[in-house]
Amino acid sequence: MSDYKQMWSELGLDLNAHDALLSVLSEAYQNIFLAQKMRPQGMKYFDFVMSEVHGLRIKELMDAKAEGRIVVGSYCVFVPEELILAVDGISVGLCAGAEFNFEGAEQVLPRNLCALIKSAFGFKLGRVCPYIEACDLVVGENTCDGKKKAYEVLSPMVKDLYIIDLPQMKTDTGKMLLKGEYLKFITKLEEISGKKITYESLKKGIDIVNAKRKAVLRLQELRKADPPPISGLDALLINQVFFYDDPVRFTNSVNALCDELEERIKKGEGVSPEGAVRVMISGCPMAVPNWKVPYIVETSGATIVGEESCVGERGTQWLTETKGTTVSELIDNIIDRYFKIDCAIFTPNPSRLEHIKEMFKKYNAKGVIHYNLQFCQPYIIESGLVESNLEGNGIPTLRLETDYSQEDTGQLKTRIEAFIERIKG
């Protein structure tokens, strides 16, 4: 790794705390990912990305800013990357996946708040996330009540915070609200970038993001194979890198990996024995470096074959239509696409349940693990409805509620192992 200390210092990072964080993450990555057997060679690219996620990628962002491009950070899949690309901007996900500086976060937030929100504040207040420091604009979204109010606290801490209001019901009125919010977001992007969105620039942005989604969906299709050609951990990592990497480079790398996986499938090669227990994970998103539950699952005798999550199929399953010859028509296509996202903030939310059952059948899963972050009210409340419906349809379901700490690892492992034994019968 090159020496990026001057760049990190200029971004205002706490170098000692940042070095400590990178040391912990590096060790965890070695133990969780690099210790896996039968990994595809194509994963070496993603290993490189992770080794440089706070280094080379940040330098790329800073070089782009020097050329006059804007960097836009966000925490949610409801922020359309297509619009950011249309003003020649760069979209990045922001740090929110580790239990770092929670004591600092709890100075400004309640203790009984979900780990994802506290993590975002911990990284910011601890000055260890170069992404948020590199941003020209941070975009928040009114999904859950926790985020909605937390953004009021975050606002004075960042250069420029913009909030997108979101509907809570899948109605015509809700769709009109989303359209109005996206149109206002376009105005904001044009204002800070100094560039006007044209038909050509928006069409290009849509094509780039669609290609990225198609590559991930191609990967997901290959996970139907028995034995699975790639671990759930590695598939999750790819879905996490989705939010950080250069989109064109990412797409090419995923497609190259898929070429390799197709050859593995032809040869009958996989990461687990044929007939091994296959499970899918549903529920809250897993931001980098939140790998605790998948690691326990895959070191307990099962393989994860799908993720019904914002960092998974919920975030990538729909493409944006390219029909139309005007900017207005393309914007309507974007609205149609994002309004389909079945986040648990919506009420009622039947499409999410149907998608879980569809994935269970499509990937020949034998059980569903519903993953909840403590104090994430939308998903915790919805998980009861999901569990009762799935179990009523003969689908073994395990509800887990956890946070980012390692304190409950033993308890989780016991429950997951018991669930796998139940599936085996």
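Worth pointing out:
- Flag for Ala225 being farther than 30 Å from Asn16 by Cβ and surrounded by 19 or more Cβ atoms within 10 Å (Cβ to Cβ): yes
- Conditions (1) over 29 Å from Arg111 (Cβ atoms); (2) without any contact (Cβ under 8 Å) to a residue 24 or more places away in the chain; number of the one not met by Gln411: (1)
- Scope the stretch 353-362; condition surrounded by fewer than 21 Cβ atoms within 10 Å (Cβ to Cβ) and either closer than 21 Å to Arg218 by Cα or free of Cβ contacts under 8 Å to residues at least 24 places away in the same chain (or both); matching residues: Glu354, His355, Lys357, Glu358, Lys361, Lys362
- Taking the stretch 106-141 as the range and being surrounded by 21 or more Cβ atoms within 10 Å (Cβ to Cβ), charged (D, E, K, R) and within 17 Å of Gln374 (Cα to Cα) as the test, only Lys118 passes.
- Yes/no for Val128 being in contact with a Leu (Cβ under 7 Å, 6 or more places away or on another chain), in contact (Cβ under 8 Å) with a residue 24 or more places away in the chain and part of a loop (DSSP other than H, G, I, E, B): yes
- Among the residues of the stretch 365-385, those that are in contact with a strand residue (DSSP E or B) (Cβ under 6 Å, 6 or more places away or on another chain), in contact (Cβ under 8 Å) with a residue 24 or more places away in the chain and of a type in the set (A, V, I, L, M, F, W, C) comprise Ala365, Val368, Ile369.
- Condition broken by Arg422, with the remaining ones in (1) more than 19 Å from the chain's Cα centre (by Cα); (2) assigned to a helix (DSSP H, G or I); (3) surrounded by 14 or more Cβ atoms within 10 Å (Cβ to Cβ); (4) among the basic types (Lys, Arg) satisfied: (3)
- When restricted to residues that are touching a residue at least 60 places away in the same chain (Cβ under 8 Å) and among the charged types (D, E, K, R), the stretch 35-68 contains 5.
- When Arg249 is tested against (1) in contact (Cβ under 8 Å) with a residue 24 or more places away in the chain; (2) within 30 Å of Ala134 (Cα to Cα); (3) among the basic types (Lys, Arg), only condition (1) is not met.
- Every pair of residues 6+ apart whose Cβ atoms lie under 9 Å, when the first sits in the stretch 174-185 and is in contact (Cβ under 8 Å) with a residue 12 or more places away in the chain while the second is among the β-branched types (Val, Ile, Thr) and part of a helix (DSSP H, G or I): Lys175/Ile335; Leu178/Ile335; Lys179/Ile331; Lys179/Ile335; Tyr182/Ile331; Tyr182/Ile334; Tyr182/Ile335; Leu183/Ile331
- Cys135 vs. criteria among the hydrophobic types (A, V, I, L, M, F, W, C), touching a strand residue (DSSP E or B) at 6+ places or on another chain (Cβ under 9 Å) and farther than 20 Å from Pro285 by Cα: yes
- Per-region count, the stretch 105-157, residues touching a His at 6+ places or on another chain (Cβ under 9 Å) and not charged (D, E, K, R): 5
- Where a residue in the stretch 135-161 is over 16 Å from Leu125 (Cβ atoms) and its partner, wherever it lies, is at pLDDT 95 or above and basic (Lys, Arg), with Cβ under 6 Å and at least six apart: Asn142/Lys148
- Residues that are surrounded by 15 or more Cβ atoms within 10 Å (Cβ to Cβ) and in a helix (DSSP H, G or I), drawn from the stretch 386-414: Val386, Glu387, Asn389, Leu390, Leu412, Lys413
Listed here are the residues, each with its yes/no results for (1) surrounded by fewer than 19 Cβ atoms within 10 Å (Cβ to Cβ); (2) polar (S, T, N, Q); (3) modelled with pLDDT of 95 or more.
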residue	(1), (2), (3)
Leu217	yes, no, yes
Val248	yes, no, yes
Asn252	yes, yes, yes
Asn255	yes, yes, yes
Glu269	yes, no, yes
Ser282	no, yes, yes
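- Remark: Ser300 falls outside the filter, which requires a residue to be in a loop (DSSP other than H, G, I, E, B), surrounded by fewer than 23 Cβ atoms within 10 Å (Cβ to Cβ), in contact with a strand residue (DSSP E or B) (Cβ under 7 Å, 6 or more places away or on another chain) and touching a residue at least 40 places away in the same chain (Cβ under 8 Å).
- Among all residues of the stretch 111-122, there is at least one that is of a type outside the set (D, E, K, R), modelled with pLDDT of 95 or more and out of contact with any helix residue (DSSP H, G or I) (no Cβ under 9 Å at 6 or more places or on another chain).
- Across the stretch 312-330, the qualifying residues are those that are in a loop (DSSP other than H, G, I, E, B) and either aliphatic (A, V, I, L, M) or surrounded by 14 or more Cβ atoms within 10 Å (Cβ to Cβ) (or both), and the one among them that is modelled with the lowest pLDDT is Gln317.
- One residue from Glu60, Glu27, Glu103, Glu82 being buried (at least 18 other Cβ atoms within 10 Å of the Cβ), part of a helix (DSSP H, G or I) and of a type in the set (Asp, Glu): Glu82
The values are calculated or read from the model by the stated rules, or taken from the named source; none is laboratory data. Just so it is clear, the model here is predicted, and its values are computed rather than measured. Heads up, the Cβs are rebuilt from the backbone with ideal geometry, glycines too, and the neighbour counts pull from every protein chain shown.
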